[in-house]
Amino acid sequence: MEALSTRAPARFADGPIAAAQAGDRAATEAVLLSVLTRVRNLVRYLLRGDAEVDDVAQLVLCEVVRSLPSFRGDAPFPAWVDRIAVRVALRAARERRTAARKHVEYLPELHAHARADDGVYGARRDAVRCLDALPSEQRTAVVLHHVVGLSVPELAEELGIPFETARSRLRLAMEKLRSTLKAGTP
Amino acid sequence: MTYGDSSDDTELPGALRAGLTLDDARGPARPLTDEAARALVGSAIADARAPRRTRRVPAWAAAAAAVLCVGTGASAALLYAGRARVAEEAERGASSGTDTAHRTVTANATRTTSGTGTGSASGTGTGPETANGTDAVTLPKTAHETGAETGIANGTERVHGVASARGTAAARRGRERGRARVAVAEPDVARDLLAQANAERARGAFREARALYAQAAERAPGSLSAYAADVAAASLALEHLGDAREAARLYARALAERPDGPLDAEARWGAARAAARLGDTTGERTALRALVKTHPASALAPRAEARLEALGDAP
(Lines give C-alpha, C1' and ligand atoms only; values in the text may rest on other atoms or scores of the structure.)
Protein backbone atom coordinates (compact mmCIF):
# COMPACT_ATOMS: atom_id res chain seq x y z
CA MET A 1 0.00 0.00 0.00
CA GLU A 2 1.19 3.47 -0.72
CA ALA A 3 2.47 5.10 2.44
CA LEU A 4 0.85 8.39 3.17
CA SER A 5 3.37 9.72 5.65
CA THR A 6 6.53 8.83 7.49
CA ARG A 7 5.34 10.09 10.82
CA ALA A 8 5.61 8.24 14.11
CA PRO A 9 3.82 4.89 14.36
CA ALA A 10 0.24 4.85 15.57
CA ARG A 11 -0.40 4.93 19.28
CA PHE A 12 -4.11 4.44 19.02
CA ALA A 13 -5.16 0.82 18.95
CA ASP A 14 -8.35 1.08 16.89
CA GLY A 15 -7.75 -0.86 13.70
CA PRO A 16 -8.62 1.35 10.76
CA ILE A 17 -7.60 4.56 12.48
CA ALA A 18 -4.32 3.07 13.62
CA ALA A 19 -3.67 1.86 10.10
CA ALA A 20 -4.45 5.32 8.78
CA GLN A 21 -2.13 6.85 11.32
CA ALA A 22 0.57 4.47 10.10
CA GLY A 23 0.11 5.80 6.60
CA ASP A 24 -2.03 3.09 5.04
CA ARG A 25 -3.76 4.90 2.21
CA ALA A 26 -6.70 2.55 1.87
CA ALA A 27 -7.35 2.81 5.59
CA THR A 28 -7.10 6.58 5.38
CA GLU A 29 -9.64 6.67 2.59
CA ALA A 30 -11.96 4.39 4.52
CA VAL A 31 -11.69 6.50 7.64
CA LEU A 32 -12.37 9.70 5.76
CA LEU A 33 -15.30 8.18 3.89
CA SER A 34 -16.75 7.10 7.22
CA VAL A 35 -16.91 10.69 8.44
CA LEU A 36 -17.52 12.48 5.16
CA THR A 37 -21.28 12.75 5.46
CA ARG A 38 -21.04 14.03 8.99
CA VAL A 39 -18.37 16.55 8.02
CA ARG A 40 -20.38 17.84 5.08
CA ASN A 41 -23.48 18.14 7.20
CA LEU A 42 -21.66 20.07 9.90
CA VAL A 43 -20.06 22.35 7.35
CA ARG A 44 -23.45 23.04 5.84
CA TYR A 45 -24.82 23.91 9.25
CA LEU A 46 -21.97 26.34 9.77
CA LEU A 47 -21.87 27.96 6.33
CA ARG A 48 -24.54 29.84 4.49
CA GLY A 49 -25.56 28.18 1.23
CA ASP A 50 -24.59 24.97 -0.53
CA ALA A 51 -21.99 26.32 -2.89
CA GLU A 52 -18.90 25.94 -0.74
CA VAL A 53 -19.76 22.91 1.33
CA ASP A 54 -17.64 20.49 -0.62
CA ASP A 55 -14.64 22.76 -0.90
CA VAL A 56 -14.64 23.38 2.83
CA ALA A 57 -15.31 19.72 3.57
CA GLN A 58 -12.25 18.90 1.53
CA LEU A 59 -10.24 21.35 3.65
CA VAL A 60 -11.56 19.65 6.77
CA LEU A 61 -10.61 16.19 5.58
CA CYS A 62 -7.18 17.44 4.58
CA GLU A 63 -6.69 18.77 8.09
CA VAL A 64 -7.97 15.51 9.55
CA VAL A 65 -5.33 13.61 7.62
CA ARG A 66 -2.60 15.99 8.76
CA SER A 67 -3.78 15.80 12.36
CA LEU A 68 -4.29 12.03 12.49
CA PRO A 69 -1.02 11.35 14.27
CA SER A 70 -2.22 13.48 17.17
CA PHE A 71 -5.45 11.53 17.72
CA ARG A 72 -5.13 9.62 20.97
CA GLY A 73 -8.63 8.27 21.44
CA ASP A 74 -9.43 10.60 24.34
CA ALA A 75 -12.66 11.46 22.58
CA PRO A 76 -14.71 9.50 20.08
CA PHE A 77 -13.26 9.89 16.64
CA PRO A 78 -16.32 11.62 15.14
CA ALA A 79 -16.30 14.19 17.92
CA TRP A 80 -12.60 14.80 17.33
CA VAL A 81 -13.32 15.33 13.66
CA ASP A 82 -16.17 17.69 14.57
CA ARG A 83 -13.76 20.00 16.35
CA ILE A 84 -11.49 20.10 13.34
CA ALA A 85 -14.48 20.76 11.10
CA VAL A 86 -15.59 23.65 13.26
CA ARG A 87 -12.16 25.22 13.30
CA VAL A 88 -11.61 24.87 9.56
CA ALA A 89 -15.13 25.92 8.57
CA LEU A 90 -15.09 29.03 10.72
CA ARG A 91 -11.70 29.99 9.38
CA ALA A 92 -12.95 29.47 5.84
CA ALA A 93 -16.02 31.54 6.56
CA ARG A 94 -13.85 34.39 7.88
CA GLU A 95 -11.63 34.27 4.83
CA ARG A 96 -14.55 34.25 2.47
CA ARG A 97 -16.19 37.17 4.19
CA THR A 98 -13.11 39.29 3.61
CA ALA A 99 -12.37 38.08 0.10
CA ALA A 100 -14.18 39.35 -2.95
CA ARG A 101 -16.72 36.79 -4.02
CA LYS A 102 -16.54 35.49 -7.55
CA HIS A 103 -19.62 35.13 -9.60
CA VAL A 104 -20.42 31.46 -9.41
CA GLU A 105 -23.55 31.33 -11.46
CA TYR A 106 -22.41 28.31 -13.43
CA LEU A 107 -20.79 26.35 -10.63
CA PRO A 108 -21.38 22.69 -11.45
CA GLU A 109 -22.83 20.48 -8.80
CA LEU A 110 -21.99 17.00 -7.75
CA HIS A 111 -25.06 16.12 -5.87
CA ALA A 112 -27.13 13.03 -6.12
CA HIS A 113 -30.84 13.39 -6.38
CA ALA A 114 -32.50 13.79 -3.00
CA ARG A 115 -36.09 12.76 -2.70
CA ALA A 116 -38.37 15.60 -1.74
CA ASP A 117 -40.31 13.37 0.64
CA ASP A 118 -37.27 12.39 2.70
CA GLY A 119 -38.44 13.51 6.15
CA VAL A 120 -35.10 13.87 7.91
CA TYR A 121 -33.46 15.47 4.92
CA GLY A 122 -36.36 17.85 4.46
CA ALA A 123 -36.36 18.88 8.09
CA ARG A 124 -32.66 19.57 8.00
CA ARG A 125 -32.90 21.53 4.80
CA ASP A 126 -35.65 23.63 6.35
CA ALA A 127 -33.51 24.15 9.43
CA VAL A 128 -30.53 25.43 7.50
CA ARG A 129 -32.77 27.75 5.56
CA CYS A 130 -33.72 29.23 8.91
CA LEU A 131 -30.08 29.39 9.90
CA ASP A 132 -29.28 31.13 6.63
CA ALA A 133 -31.37 34.04 7.86
CA LEU A 134 -29.14 34.54 10.91
CA PRO A 135 -26.09 36.77 11.10
CA SER A 136 -22.93 34.69 10.93
CA GLU A 137 -21.98 35.12 14.57
CA GLN A 138 -25.37 34.01 15.80
CA ARG A 139 -25.47 31.13 13.37
CA THR A 140 -22.10 29.90 14.59
CA ALA A 141 -23.25 30.09 18.19
CA VAL A 142 -26.43 28.13 17.45
CA VAL A 143 -24.63 25.40 15.55
CA LEU A 144 -21.85 24.97 18.07
CA HIS A 145 -24.30 24.89 20.96
CA HIS A 146 -27.26 22.98 19.54
CA VAL A 147 -25.64 20.82 16.86
CA VAL A 148 -22.12 20.16 18.06
CA GLY A 149 -23.26 20.20 21.68
CA LEU A 150 -20.88 22.67 23.28
CA SER A 151 -21.96 24.15 26.56
CA VAL A 152 -22.12 27.92 26.76
CA PRO A 153 -18.78 28.11 28.60
CA GLU A 154 -17.27 25.83 25.97
CA LEU A 155 -18.85 27.93 23.25
CA ALA A 156 -17.34 31.07 24.71
CA GLU A 157 -13.93 29.44 24.93
CA GLU A 158 -14.11 28.09 21.41
CA LEU A 159 -14.97 31.48 19.97
CA GLY A 160 -12.70 33.42 22.27
CA ILE A 161 -15.52 35.61 23.55
CA PRO A 162 -16.88 36.37 27.02
CA PHE A 163 -19.49 34.04 28.48
CA GLU A 164 -22.18 36.72 28.40
CA THR A 165 -21.46 37.50 24.78
CA ALA A 166 -21.94 33.84 23.94
CA ARG A 167 -25.24 33.73 25.78
CA SER A 168 -26.35 36.95 24.15
CA ARG A 169 -25.66 35.60 20.67
CA LEU A 170 -27.65 32.46 21.45
CA ARG A 171 -30.52 34.46 22.88
CA LEU A 172 -30.67 36.81 19.91
CA ALA A 173 -30.43 33.90 17.53
CA MET A 174 -33.35 32.15 19.19
CA GLU A 175 -35.43 35.32 18.94
CA LYS A 176 -34.64 35.58 15.28
CA LEU A 177 -35.36 31.92 14.64
CA ARG A 178 -38.70 32.11 16.40
CA SER A 179 -39.74 35.12 14.38
CA THR A 180 -38.53 33.42 11.20
CA LEU A 181 -40.58 30.35 11.98
CA LYS A 182 -43.57 32.47 12.80
CA ALA A 183 -43.31 34.25 9.48
CA GLY A 184 -42.85 30.97 7.61
CA THR A 185 -39.52 29.39 6.62
CA PRO A 186 -37.61 31.67 4.20
CA MET B 1 -29.44 20.79 23.79
CA THR B 2 -28.01 22.57 26.82
CA TYR B 3 -25.54 21.54 29.50
CA GLY B 4 -26.31 22.91 32.91
CA ASP B 5 -27.23 26.28 31.56
CA SER B 6 -30.78 25.70 30.55
CA SER B 7 -32.70 28.81 29.94
CA ASP B 8 -35.77 29.36 27.89
CA ASP B 9 -34.24 32.17 25.91
CA THR B 10 -31.49 29.88 24.54
CA GLU B 11 -33.68 26.83 24.04
CA LEU B 12 -34.17 25.75 20.49
CA PRO B 13 -37.68 26.20 19.08
CA GLY B 14 -39.37 22.81 18.92
CA ALA B 15 -39.90 23.06 15.20
CA LEU B 16 -36.17 23.14 14.64
CA ARG B 17 -35.05 20.40 16.99
CA ALA B 18 -35.44 17.61 14.46
CA GLY B 19 -33.63 19.65 11.85
CA LEU B 20 -30.54 20.47 13.87
CA THR B 21 -28.97 17.11 14.55
CA LEU B 22 -25.59 15.80 13.51
CA ASP B 23 -25.09 12.25 12.33
CA ASP B 24 -24.51 10.25 9.18
CA ALA B 25 -28.03 10.63 7.90
CA ARG B 26 -28.72 12.73 4.84
CA GLY B 27 -28.81 16.45 5.31
CA PRO B 28 -28.57 19.23 5.55
CA ALA B 29 -25.75 18.96 3.05
CA ARG B 30 -27.03 17.83 -0.30
CA PRO B 31 -26.20 14.17 -0.91
CA LEU B 32 -23.09 13.34 -2.86
CA THR B 33 -22.68 10.61 -5.45
CA ASP B 34 -20.38 7.75 -4.48
CA GLU B 35 -17.89 8.78 -7.14
CA ALA B 36 -17.85 12.38 -6.01
CA ALA B 37 -17.39 11.29 -2.41
CA ARG B 38 -14.40 9.14 -3.31
CA ALA B 39 -12.97 11.95 -5.39
CA LEU B 40 -13.34 14.44 -2.58
CA VAL B 41 -11.61 12.08 -0.17
CA GLY B 42 -8.85 11.37 -2.66
CA SER B 43 -8.32 15.04 -3.25
CA ALA B 44 -8.12 15.73 0.47
CA ILE B 45 -5.44 13.06 0.86
CA ALA B 46 -3.51 14.51 -2.06
CA ASP B 47 -3.80 17.99 -0.58
CA ALA B 48 -2.55 16.72 2.77
CA ARG B 49 0.58 15.52 1.04
CA ALA B 50 1.11 18.74 -0.86
CA PRO B 51 3.00 21.65 0.67
CA ARG B 52 0.77 23.99 2.61
CA ARG B 53 -0.41 27.23 1.06
CA THR B 54 -0.78 25.70 -2.37
CA ARG B 55 -4.04 26.35 -4.16
CA ARG B 56 -6.40 23.43 -3.94
CA VAL B 57 -8.23 21.96 -6.82
CA PRO B 58 -11.93 22.52 -6.27
CA ALA B 59 -13.88 19.51 -5.07
CA TRP B 60 -16.06 19.56 -8.18
CA ALA B 61 -13.08 19.26 -10.46
CA ALA B 62 -11.63 16.47 -8.36
CA ALA B 63 -14.87 14.55 -8.68
CA ALA B 64 -14.75 14.86 -12.45
CA ALA B 65 -11.17 13.67 -12.45
CA ALA B 66 -12.10 10.63 -10.43
CA VAL B 67 -14.59 9.70 -13.10
CA LEU B 68 -11.81 9.53 -15.65
CA CYS B 69 -8.61 8.59 -13.83
CA VAL B 70 -7.56 5.05 -14.40
CA GLY B 71 -8.67 3.14 -11.37
CA THR B 72 -11.90 4.38 -9.82
CA GLY B 73 -12.49 6.69 -12.74
CA ALA B 74 -12.11 4.04 -15.37
CA SER B 75 -14.53 1.74 -13.61
CA ALA B 76 -16.97 4.59 -13.19
CA ALA B 77 -16.61 5.50 -16.83
CA LEU B 78 -17.29 1.90 -17.73
CA LEU B 79 -20.39 1.91 -15.60
CA TYR B 80 -21.63 5.10 -17.15
CA ALA B 81 -20.87 4.05 -20.66
CA GLY B 82 -22.44 0.67 -20.33
CA ARG B 83 -21.30 -2.67 -21.53
CA ALA B 84 -21.70 -1.72 -25.16
CA ARG B 85 -19.01 0.89 -24.83
CA VAL B 86 -16.81 -1.53 -22.88
CA ALA B 87 -17.02 -3.84 -25.84
CA GLU B 88 -16.31 -0.94 -28.16
CA GLU B 89 -13.21 0.00 -26.21
CA ALA B 90 -12.00 -3.58 -26.18
CA GLU B 91 -12.57 -3.84 -29.88
CA ARG B 92 -10.70 -0.63 -30.52
CA GLY B 93 -7.92 -1.77 -28.24
CA ALA B 94 -7.62 -5.12 -29.99
CA SER B 95 -7.42 -3.57 -33.43
CA SER B 96 -4.75 -1.13 -32.31
CA GLY B 97 -2.71 -3.83 -30.58
CA THR B 98 -3.29 -2.49 -27.10
CA ASP B 99 -5.95 -4.88 -25.91
CA THR B 100 -3.75 -6.35 -23.25
CA ALA B 101 -3.02 -2.89 -21.97
CA HIS B 102 -6.69 -2.06 -21.90
CA ARG B 103 -7.40 -5.29 -20.13
CA THR B 104 -4.76 -4.52 -17.54
CA VAL B 105 -6.05 -1.00 -17.08
CA THR B 106 -9.67 -1.96 -16.77
CA ALA B 107 -8.88 -4.97 -14.61
CA ASN B 108 -7.10 -2.64 -12.23
CA ALA B 109 -10.06 -0.33 -12.42
CA THR B 110 -12.56 -2.94 -11.36
CA ARG B 111 -10.35 -4.01 -8.50
CA THR B 112 -10.27 -0.51 -7.16
CA THR B 113 -13.94 0.30 -7.41
CA SER B 114 -14.05 0.88 -3.69
CA GLY B 115 -12.22 4.09 -4.15
CA THR B 116 -8.70 4.91 -5.10
CA GLY B 117 -9.17 8.00 -7.18
CA THR B 118 -6.12 10.16 -7.15
CA GLY B 119 -8.21 13.11 -6.22
CA SER B 120 -6.52 15.29 -8.72
CA ALA B 121 -8.60 17.44 -10.91
CA SER B 122 -9.00 17.31 -14.60
CA GLY B 123 -12.60 18.05 -15.25
CA THR B 124 -15.49 20.30 -14.60
CA GLY B 125 -18.13 18.22 -13.00
CA THR B 126 -19.31 14.76 -12.34
CA GLY B 127 -20.68 12.07 -14.48
CA PRO B 128 -24.39 11.40 -14.56
CA GLU B 129 -25.99 10.17 -11.39
CA THR B 130 -26.04 6.49 -10.85
CA ALA B 131 -28.16 4.74 -8.32
CA ASN B 132 -25.45 2.24 -7.48
CA GLY B 133 -21.78 3.03 -7.91
CA THR B 134 -20.60 -0.47 -7.28
CA ASP B 135 -22.28 -2.59 -9.95
CA ALA B 136 -19.93 -5.25 -11.20
CA VAL B 137 -18.93 -5.05 -14.82
CA THR B 138 -17.99 -8.17 -16.72
CA LEU B 139 -15.22 -7.35 -19.16
CA PRO B 140 -15.42 -9.00 -22.56
CA LYS B 141 -12.64 -11.31 -23.60
CA THR B 142 -9.88 -9.56 -25.38
CA ALA B 143 -8.72 -10.51 -28.82
CA HIS B 144 -5.62 -11.93 -27.19
CA GLU B 145 -7.62 -14.26 -24.99
CA THR B 146 -9.87 -15.32 -27.82
CA GLY B 147 -6.95 -15.65 -30.19
CA ALA B 148 -4.95 -17.62 -27.65
CA GLU B 149 -7.72 -20.17 -27.39
CA THR B 150 -8.08 -20.61 -31.12
CA GLY B 151 -4.33 -20.30 -31.63
CA ILE B 152 -3.61 -23.15 -29.28
CA ALA B 153 -6.20 -25.24 -31.02
CA ASN B 154 -4.64 -24.39 -34.37
CA GLY B 155 -1.10 -25.03 -33.20
CA THR B 156 -0.08 -21.42 -33.50
CA GLU B 157 0.04 -18.59 -31.01
CA ARG B 158 -1.72 -15.31 -31.42
CA VAL B 159 -0.46 -12.37 -29.48
CA HIS B 160 -2.25 -9.11 -29.93
CA GLY B 161 -3.82 -10.45 -33.07
CA VAL B 162 -0.47 -11.27 -34.62
CA ALA B 163 0.04 -14.91 -35.54
CA SER B 164 3.42 -16.26 -34.57
CA ALA B 165 4.68 -19.79 -34.44
CA ARG B 166 8.15 -18.84 -33.28
CA GLY B 167 9.93 -19.16 -30.00
CA THR B 168 9.79 -21.14 -26.84
CA ALA B 169 7.13 -20.62 -24.22
CA ALA B 170 9.49 -18.53 -22.12
CA ALA B 171 10.38 -16.30 -25.03
CA ARG B 172 6.73 -16.00 -25.88
CA ARG B 173 5.93 -14.92 -22.34
CA GLY B 174 8.76 -12.43 -22.46
CA ARG B 175 7.45 -10.91 -25.67
CA GLU B 176 3.95 -10.71 -24.22
CA ARG B 177 5.20 -8.96 -21.12
CA GLY B 178 7.23 -6.58 -23.19
CA ARG B 179 4.29 -5.71 -25.40
CA ALA B 180 2.06 -5.31 -22.37
CA ARG B 181 4.56 -2.91 -20.79
CA VAL B 182 4.80 -0.86 -23.93
CA ALA B 183 1.06 -1.05 -24.53
CA VAL B 184 0.19 0.26 -21.05
CA ALA B 185 2.75 3.05 -21.22
CA GLU B 186 0.68 5.61 -23.09
CA PRO B 187 -2.44 5.51 -20.91
CA ASP B 188 -0.23 5.60 -17.83
CA VAL B 189 1.72 8.54 -19.19
CA ALA B 190 -1.47 10.42 -19.98
CA ARG B 191 -2.75 9.72 -16.51
CA ASP B 192 0.48 10.94 -14.98
CA LEU B 193 0.35 14.06 -17.08
CA LEU B 194 -3.17 14.68 -15.88
CA ALA B 195 -2.01 14.33 -12.30
CA GLN B 196 0.84 16.74 -12.92
CA ALA B 197 -1.53 19.17 -14.58
CA ASN B 198 -3.79 19.03 -11.60
CA ALA B 199 -0.90 19.66 -9.25
CA GLU B 200 0.13 22.69 -11.28
CA ARG B 201 -3.42 23.90 -11.25
CA ALA B 202 -3.51 23.51 -7.50
CA ARG B 203 -0.38 25.64 -7.28
CA GLY B 204 -2.02 28.32 -9.35
CA ALA B 205 0.37 27.66 -12.24
CA PHE B 206 -2.44 27.77 -14.76
CA ARG B 207 -0.37 28.11 -17.90
CA GLU B 208 1.82 25.19 -16.92
CA ALA B 209 -1.32 23.19 -16.15
CA ARG B 210 -2.78 24.05 -19.54
CA ALA B 211 0.36 22.82 -21.29
CA LEU B 212 0.26 19.55 -19.35
CA TYR B 213 -3.41 18.99 -20.14
CA ALA B 214 -2.56 19.49 -23.80
CA GLN B 215 0.24 16.94 -23.54
CA ALA B 216 -2.05 14.45 -21.84
CA ALA B 217 -4.53 14.81 -24.68
CA GLU B 218 -1.80 14.40 -27.29
CA ARG B 219 -0.26 11.31 -25.69
CA ALA B 220 -3.42 9.26 -25.74
CA PRO B 221 -5.74 10.73 -28.34
CA GLY B 222 -9.24 9.39 -28.25
CA SER B 223 -8.77 7.99 -24.78
CA LEU B 224 -10.71 8.78 -21.66
CA SER B 225 -7.68 10.62 -20.35
CA ALA B 226 -7.58 12.84 -23.41
CA TYR B 227 -11.28 13.52 -23.03
CA ALA B 228 -10.83 14.43 -19.37
CA ALA B 229 -7.86 16.60 -20.24
CA ASP B 230 -9.89 18.51 -22.82
CA VAL B 231 -12.71 19.18 -20.38
CA ALA B 232 -10.27 20.16 -17.65
CA ALA B 233 -8.30 22.43 -19.95
CA ALA B 234 -11.52 24.02 -21.13
CA SER B 235 -12.62 24.87 -17.62
CA LEU B 236 -9.15 26.18 -16.86
CA ALA B 237 -9.21 28.41 -19.91
CA LEU B 238 -12.63 29.71 -19.03
CA GLU B 239 -12.21 30.23 -15.32
CA HIS B 240 -8.59 31.17 -14.90
CA LEU B 241 -7.10 32.21 -18.21
CA GLY B 242 -9.89 34.36 -19.54
CA ASP B 243 -9.86 32.49 -22.81
CA ALA B 244 -13.46 31.71 -23.60
CA ARG B 245 -12.67 31.00 -27.22
CA GLU B 246 -10.18 28.29 -26.32
CA ALA B 247 -12.63 26.91 -23.79
CA ALA B 248 -15.33 26.74 -26.44
CA ARG B 249 -12.99 24.92 -28.81
CA LEU B 250 -11.97 22.34 -26.21
CA TYR B 251 -15.49 21.72 -25.00
CA ALA B 252 -16.59 21.24 -28.59
CA ARG B 253 -13.77 18.78 -29.17
CA ALA B 254 -14.64 16.82 -26.06
CA LEU B 255 -18.29 16.66 -27.06
CA ALA B 256 -17.38 15.55 -30.55
CA GLU B 257 -14.97 12.88 -29.29
CA ARG B 258 -17.43 11.39 -26.83
CA PRO B 259 -20.99 12.46 -27.47
CA ASP B 260 -22.18 10.36 -24.53
CA GLY B 261 -19.09 10.68 -22.42
CA PRO B 262 -19.23 10.68 -18.64
CA LEU B 263 -18.67 14.43 -18.54
CA ASP B 264 -21.13 15.20 -21.30
CA ALA B 265 -23.47 17.27 -19.17
CA GLU B 266 -20.62 19.26 -17.71
CA ALA B 267 -19.05 19.79 -21.11
CA ARG B 268 -22.34 21.10 -22.48
CA TRP B 269 -22.70 23.34 -19.45
CA GLY B 270 -19.18 24.62 -19.97
CA ALA B 271 -19.88 25.17 -23.65
CA ALA B 272 -22.88 27.26 -22.70
CA ARG B 273 -20.75 29.32 -20.32
CA ALA B 274 -18.11 29.88 -22.94
CA ALA B 275 -20.70 30.92 -25.48
CA ALA B 276 -22.18 33.35 -22.98
CA ARG B 277 -18.77 34.90 -22.38
CA LEU B 278 -18.31 35.27 -26.11
CA GLY B 279 -21.67 36.93 -26.47
CA ASP B 280 -22.93 34.03 -28.53
CA THR B 281 -26.47 33.80 -27.27
CA THR B 282 -27.49 31.40 -29.99
CA GLY B 283 -24.66 29.07 -29.15
CA GLU B 284 -25.47 29.32 -25.47
CA ARG B 285 -29.10 28.44 -26.09
CA THR B 286 -28.15 25.51 -28.29
CA ALA B 287 -25.84 24.07 -25.65
CA LEU B 288 -28.35 24.53 -22.87
CA ARG B 289 -31.18 22.98 -24.87
CA ALA B 290 -29.01 20.01 -25.72
CA LEU B 291 -28.08 19.59 -22.08
CA VAL B 292 -31.69 19.61 -20.96
CA LYS B 293 -32.75 17.24 -23.72
CA THR B 294 -29.87 14.81 -23.31
CA HIS B 295 -29.55 14.88 -19.53
CA PRO B 296 -32.97 15.72 -18.11
CA ALA B 297 -32.13 14.08 -14.78
CA SER B 298 -28.79 15.81 -14.39
CA ALA B 299 -28.27 18.21 -11.53
CA LEU B 300 -27.37 20.76 -14.19
CA ALA B 301 -30.66 20.46 -16.03
CA PRO B 302 -32.65 22.72 -13.70
CA ARG B 303 -29.95 25.36 -13.90
CA ALA B 304 -29.93 25.08 -17.65
CA GLU B 305 -33.69 25.47 -17.74
CA ALA B 306 -33.49 28.47 -15.48
CA ARG B 307 -30.89 30.04 -17.71
CA LEU B 308 -32.95 29.33 -20.81
CA GLU B 309 -35.89 30.99 -19.16
CA ALA B 310 -33.73 33.98 -18.34
CA LEU B 311 -32.77 34.12 -21.99
CA GLY B 312 -36.42 34.20 -22.92
CA ASP B 313 -36.46 30.62 -24.10
CA ALA B 314 -39.75 29.16 -22.93
CA PRO B 315 -39.64 25.32 -22.41
- Query: About its Cα centre, what dipole magnitude does region B:268-315 give when the only charges are +1 on Lys and Arg Cβ and -1 on Asp and Glu Cβ, stated in debye to the nearest 20?
  - Reply: 160 debye
- Item | Computed over region B:181-290, Cα set: Rg, Dmax in Å | 13.9, 49
- Note on the structure: Partner shielding of A:41-47, taken as the mean number of other chain Cβ atoms within 10 Å, equals 4
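I'd like the mean, over residues of A:168-177, of how many other protein chain beta carbons sit within 10 Å of each residue's own Cβ. Mind dumping the intermediate values first?
Numbers: counts 2, 1, 7, 4, 2, 2, 8, 1, 0, 5.
Neighbouring Cβ atoms belonging to other protein chains average 3 per residue here.
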- Compute the distance in nm between two label points, each set 7 Å from the Cα along the Cα-to-Cβ direction, one at B:ALA297 and one at A:ASP50. 1.7 nm
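Which order do A:TRP80, B:TRP269 take by accessible area at a 1.4 Å probe, largest first? Walk me through the numbers before you get to the answer.
Values: A:TRP80 45, B:TRP269 10 Å².
Sorted by accessible area, descending: A:TRP80, B:TRP269.
Residues of B:292-302, mean number of Cβ from any other protein chain within 10 Å of their own Cβ, rounded to a whole number? Present the calculation step by step, with values, prior to reporting the outcome.
On the way: counts 0, 0, 0, 0, 0, 1, 3, 6, 3, 0, 1.
Per residue, the average neighbour count from other chains is 1.
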- Put one equal scatterer on each alpha carbon of region A:137-186, apply the Debye formula with no solvent term, and list log10 I(q)/I(0) at q = 0.17, 0.31 1/Å to two decimals. -0.47, -1.12
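With the convex hull built on the Cα atoms of region B:216-266, state its orientation-averaged projected area in nm².
Its Cα hull, projected and averaged over all orientations, spans 3.1 nm².
The values are calculated or read from the model by the stated rules, or taken from the named source; none is laboratory data. All values reported here derive from a predicted model rather than from experimental measurement. Virtual Cβ from ideal backbone geometry, glycine too; neighbours counted across all protein chains shown. For accessibility, only protein heavy atoms count, side chains too; no ligands or nucleic acids. Shrake-Rupley method; radii C 1.70, N 1.55, O 1.52, S 1.80 Å.
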